[in-house]
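The values are calculated or read from the model by the stated rules, or taken from the named source; none is laboratory data. Bear in mind the structure is a predicted one, so any value in this text is a computation, not a measurement. Neighbour counts run over all protein chains shown; Cβ positions are idealised from the backbone, glycine included.
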Amino acid sequence: MATKKANKAIVTPIDQSETFVSAVKSVTESDGVSMEEKLRTLYKIQQADTAIDKIHLLRGELPLEVQDLEDDIAGLNTRIANTQTEIKDAEKYISDLKAKIEECKVLVEKYEEQSKKVMNNREYESITRQIEFQQLEQEASEKHIRETNLLLAEKAQLLEDTKKLLEGRQTDLDNKKAELEQIITETAKEEEQLEAHKEDLAKKLDERMYVAYNRVRNNCKNHLAVVTVKRGACGGCFNQIPPQRQLDIAQNKKIIICEYCGRILVSPEFDEPAKED
């Protein structure tokens, strides 16, 4: 008994440079879906994407501002940590210098005692040079202490100023985050619904057509890949469309591309259901 083999659909790789022009060649009505329905589905997807874009627009520059503030705060924390380390190092340096001064004083006293017991000029001159050397070391250490104390005062002021600046930045960040969180919370449900609606609509389309739609949309500044004809012009680039081409668009029987911007053009009637909703 002969068995029939099921015909398997041949899936062709999607060209990385896919556009509506190339996608048109693969779009047919063999799946039982009329061209008009496909066009309406595309336009509804565009409307959903536009609504999502408006939601993101409400957030404005807040996400970038939050990121900038977080970067500023990270930089200020690093500056504070480095300044604190420099202050500790300077304090240790002063402590070492003070210990050296005390050591010099002890040695001076020791050499002065020895000078009282010298037997000849040679020994006296040697001890005198040692005393002078220790006194110079003491004076140099005292000078370094004064200079380091001035540096410490500058570092302490810098630390205080940086902490105040950090406090202000942290307050700004908390406010921006709260504002952004409020907007996200208020629009999260609506955005989720729009995304789900868009996914359901996308299932009705040929894969090549949907990929082409997303590619054109991403390449447009206003993210409009499917536009209606408005006053005889493309709703995306506003170039005039010939009357015969407008008639073809109104019939909804094939995909028609704007020859100027590459967007897909649909009938102005597609806006009417949206107004009723």
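Among the residues in segment 229-248, are any over 23 Å from the mean Cα position of the chain (by Cα), among the β-branched types (Val, Ile, Thr), outside any helix (DSSP H, G or I) and surrounded by 12 or more Cβ atoms within 10 Å (Cβ to Cβ)?
Applying the first criterion (over 23 Å from the mean Cα position of the chain (by Cα)) to segment 229-248 yields 229-248.
Restricting the remaining residues to those that are among the β-branched types (Val, Ile, Thr) gives 229, 241.
Next, only the ones that are outside any helix (DSSP H, G or I) stay: 229, 241.
Narrowing further to those that are surrounded by 12 or more Cβ atoms within 10 Å (Cβ to Cβ): 229, 241.
Taking every residue of segment 229-248 in turn, at least one turns out to be over 23 Å from the mean Cα position of the chain (by Cα), among the β-branched types (Val, Ile, Thr), outside any helix (DSSP H, G or I) and surrounded by 12 or more Cβ atoms within 10 Å (Cβ to Cβ).
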Go through segment 155-189 and give me each residue that's charged (D, E, K, R), more than 18 Å from the chain's Cα centre (by Cα) and over 19 Å from LEU57 (Cβ atoms). LYS155, GLU160, ASP161, LYS163, LYS164, GLU167
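Quick check on my filter: what residues within segment 29-70 are among the polar types (S, T, N, Q) and either within 18 Å of ASP200 (Cα to Cα) or outside any helix (DSSP H, G or I) (or both)? Spell out how you get there, then give the answer.
From segment 29-70, those among the polar types (S, T, N, Q) are 30, 34, 41, 46-47, 50, 67; that's our starting set.
Result: SER30, SER34, THR41, GLN46, GLN47, THR50.
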Looking at GLU102, GLU86 in this structure, which one is without any contact (Cβ under 8 Å) to a residue 12 or more places away in the chain and not polar (S, T, N, Q)? GLU102
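So if I check each of ASN175, ASN218, ASN214, which one is free of Cβ contacts under 8 Å to residues at least 12 places away in the same chain, in a helix (DSSP H, G or I) and within 15 Å of TYR43 (Cα to Cα)?
Testing whether each residue is free of Cβ contacts under 8 Å to residues at least 12 places away in the same chain, in a helix (DSSP H, G or I) and within 15 Å of TYR43 (Cα to Cα) leaves just ASN214.
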In segment 154-173, is there at least one residue being more than 23 Å from LEU97 (Cα to Cα), among the basic types (Lys, Arg) and surrounded by fewer than 16 Cβ atoms within 10 Å (Cβ to Cβ)? yes
Among the residues of segment 37-45, is any on the phi < 0 side of the Ramachandran plot, surrounded by 14 or more Cβ atoms within 10 Å (Cβ to Cβ) and assigned by TED's automatic domain parsing to the domain that holds GLU160? no
Across (1) under 13 Å from LEU39 (Cα atoms); (2) part of a loop (DSSP other than H, G, I, E, B), PHE270 clears everything bar (2)
Looking at (1) of a type in the set (Val, Ile, Thr); (2) crowded, with 17+ Cβ neighbours inside 10 Å; (3) at pLDDT 95 or above, which is the one condition that is false for THR85? (2)
Pairs please, first residue from segment 110-128 and in a helix (DSSP H, G or I), second anywhere and surrounded by 14 or more Cβ atoms within 10 Å (Cβ to Cβ) and small (Gly, Ala, Ser), Cβ atoms under 6 Å, 6+ apart in sequence or on different chains. ILE127/SER115
